[in-house]
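Below you'll find the structure, written out as structure tokens, and then a few comments.
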Amino acid sequence: MSANVDTIALDGYNESNLVQTFQLPESMCMTSMPGGSQDQAHGIAQTAGGEQPADDVRNLLLRISREMASASSVGEILQMMADAALRVAPSAEKCVIHLLDMPNNRLVPHICSHPWPGGLGGAGIPADAGVAGRALRERETICIADTASAADFVPLNTGSNIQSILVAPLHVGETPLGTLSLSSSRTSAFGLQETQYIRTLSAQASVVIRQASLLHESTVARQLSEAIIQSLGEGLAILDAQGRIQRLNPAMYGLAALSEPPTLPCHPRHDAACPSILRILLDPGGEVVGPYELNVTLASGKNATFCVTPSVLAAPAEGQVRIIRDVTVERQARREVYAFISQVAHELRTPLQHILSYTGLMREITDLSEEQRQELLGNIQNATDNLSLLVDDLLQLARFEQGRFVVRKQRTRLDHLVTDLVDKFGPRARASEVTLAVQVEPEVWSLTDSVRLGQVLGNVISNALRYVPAGGRIAVALAQANGQATISVADTGPGIAADVLAHIFEPFYQGNEGNAQSIGVGLGLSISQQIMGALGGSIRAESRKGVGSTFYMQLPTLPD
């Protein structure tokens, strides 16, 4: 039967077979003989003088070296090593193998022969303390004949009385790996020959452990790379040094709308079987040195914009990696932003030009009558109000986007609010030769923010005054029914076409000047809708092209 040892999984390896018992070849297993001595039970015959035949040990070391080299995991290697150590050093009663936990600089036990009351794993011992730390630091096998006389001996929780100990470092060059420790309850248990055998075994095992660790790290790295490639949201194409496509990730198939995987490797330019979409995206022509964008018509007929970012692979792989992103939505958003900026600049420039023009006239004409001066000042005031309204709209939009918009509700008499607001627009209506009428029910109360509600109503009336021609009419009314107050603004303006009406509350949306009344930069009505929602109300519009428009604002009422 084989030597009896415990195993645990190594930190970071997570291999299920680490806890399996590895069986040595039958010729290497220790024998059990009735009445046999402990040394005989370890399976290596001894000479009459107590020494082991050198040829037998050398053969064992050669065979265990070959077996360790073919092991599939570090756990198997450690288990073989512990079994072999108890055979080549029959004086040992217990074997413990510690591996170095580099981040914490501690030696953690991973293999131990029975019994081990304290269990394996745990925090371990400091890597620079005790006999084990000295062996690892000095790269020398250390034999302590009597632990009582060793100042740096650190007793382990093995449940047995340790009188002598043999510790061999596990290292490859300057890279420390851990230690192999053999112990006995007898003093001077280990001789020179056993020390030499353990030194040889440790050197052999260290190389194999290091190779297995590097192989495992390489496997983990490959698995991680594969997981990244598979889960990458952007399309990925790997090309070799000749420009042939070697690999496409799943996202690339989706972006390119490929119904079935192409035969790889293939060259986008020279292989007729290569899908046309790949030829367009991966072979734009000329020397590719940086990101490029392409407008592509997909098989579905949909137009899409792709951004392709090439990155040169270093030797020995060579070739290129190309990341492909669908930027259709981003580019559309960018175009909308540019259009919005252009429109804002135009809207800002118009009132500014009016202000500059009117103030210039007032400076140049020194004999203005009081009536003329007041008219110019009124025009300047109107232009300033329009400018202020645009700036306020932009600020309101920013507050909504940043979640900083606040309403302060209080008991408000709506009939007074509507009447007062209409009065403020009276001068502007008269100047535009537009009739502005108001009709309200008395004593209409609501829990609302009077400032915010006034902003919405003012925006609707201002829009009506802006587009109702001279001689037209705007009627503002307030009514209540079924616990709801309704404020309506009806005008005789040009009206809004049905296809435009469905979008007028969308931010930045603008109707066509030719078939609907313009709504500035497309912010006022969008902001009004958000404000009414925050107040617990709503806003909607009805319109007929060539007849006029009516906007309805509704709020819950309060008892008188």
Could you please report the charge total around L236, scoring K, R as +1 and D, E as -1 over all other residues with beta-carbon less than 10 angstrom from its beta-carbon? +1
Point-to-point label distance, V329-N303, nm (Cα→Cβ direction, 7 Å offset): 1.9 nm
HN-Hα J couplings of segment 252-261 from phi, Karplus 6.51/-1.76/1.60, θ = phi - 60°, integer Hz, Gly and Pro as x? 5, 5, x, 4, 7, 6, 7, 6, 8, x
Whole-Hz couplings from phi, Karplus 6.51/-1.76/1.60, listed for segment 74-80; x for Gly and Pro: 5, x, 5, 4, 5, 5, 4
Search the structure for amide H atoms under 5 Å from the amide H of V440, placed 1.01 Å from N in the peptide plane, and list their residues when 5 or more places away or on another chain. L478
Among V337, L376, V391 - extreme Cα towards positive end, dipole of segment 331-402, charges at beta-carbon: V337
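R0 = 41 Å: FRET efficiency of N482 with L361, Cβ-based, nearest 0.05? Please report the intermediate quantities before stating the final value.
Working: r = 54 Å, r/R0 = 1.33.
Working from the Cβ atoms, E equals 0.15.
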Per residue of segment 175-186, what does 6.51 cos²θ - 1.76 cosθ + 1.60 with θ = phi - 60° give for ³J(HN,Hα)? Whole Hz please, x for Gly and Pro, Karplus curve as stated. 8, x, 10, x, 9, 10, 10, 10, 9, 8, 7, 10
Compute the distance in nm between two label points, each set 7 Å from the Cα along the Cα-to-Cβ direction, one at R186 and one at A314. 5.8 nm
For segment 233-326, the Cα-Cα pair-distance distribution in 5 Å bins from 0, as whole percents, is 3, 13, 27, 28, 20, 7, 2, 1, 0
Taking amide H atoms as placed 1.01 Å from N in the peptide plane, list the residues 5 or more away in sequence, or in a different chain, whose amide H sits under 5 Å from that of A485. L555, T557
Collect residues whose amide H, placed 1.01 Å from N in the peptide plane, falls under 5 Å from the amide H of L313; neighbours closer than 5 in sequence don't count. G319, Q320, V321
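Between L224 and D420, how high is the FRET efficiency from 1/(1 + (r/R0)^6) when r is the Cβ-Cβ distance and R₀ = 51 Å? Nearest 0.05. Let's see the in-between values first.
On the way: r = 68 Å, r/R0 = 1.34.
Rounded to the nearest 0.05, the efficiency is 0.15.
Once fully extended, how much extra length lies between L215 and E138, figured as 0.36 nm per residue of separation less the alpha-carbon to alpha-carbon distance? Don't jump to the answer; show the numbers that get you there.
Values: separation 77, 0.36 × 77 = 27.72 nm, distance 2.72 nm.
Computed gain between L215 and E138 is 25.0 nm.
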When the charge dipole of segment 410-556 is computed with +1 on Lys and Arg Cβ and -1 on Asp and Glu Cβ about the Cα centre, the Cα farthest towards its positive end, among Q480, A431, Y467, belongs to A431
Segments 538-551, 70-83, 229-242, 395-408 sorted - mean Cβ within 10 Å per residue, highest first: 70-83, 538-551, 229-242, 395-408
Mind checking the dipole of segment 233-326: about its Cα centre, +1 per Lys or Arg Cβ, -1 per Asp or Glu Cβ, Debye to the nearest 20? 120 debye
Do any trypsin sites (Lys or Arg not before Pro) in segment 211-291 lie in a DSSP loop with no more than 14 other beta carbon atoms within 10 Å, and if so, which? R269
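Here, each number is a calculation from the coordinates, and none is a lab measurement. Keep in mind that what you see is a predicted model, and the values were worked out from it rather than measured. Neighbour counts are summed over all protein chains in view; Cβ atoms, including those assigned to glycine, are modelled from backbone coordinates with ideal geometry.
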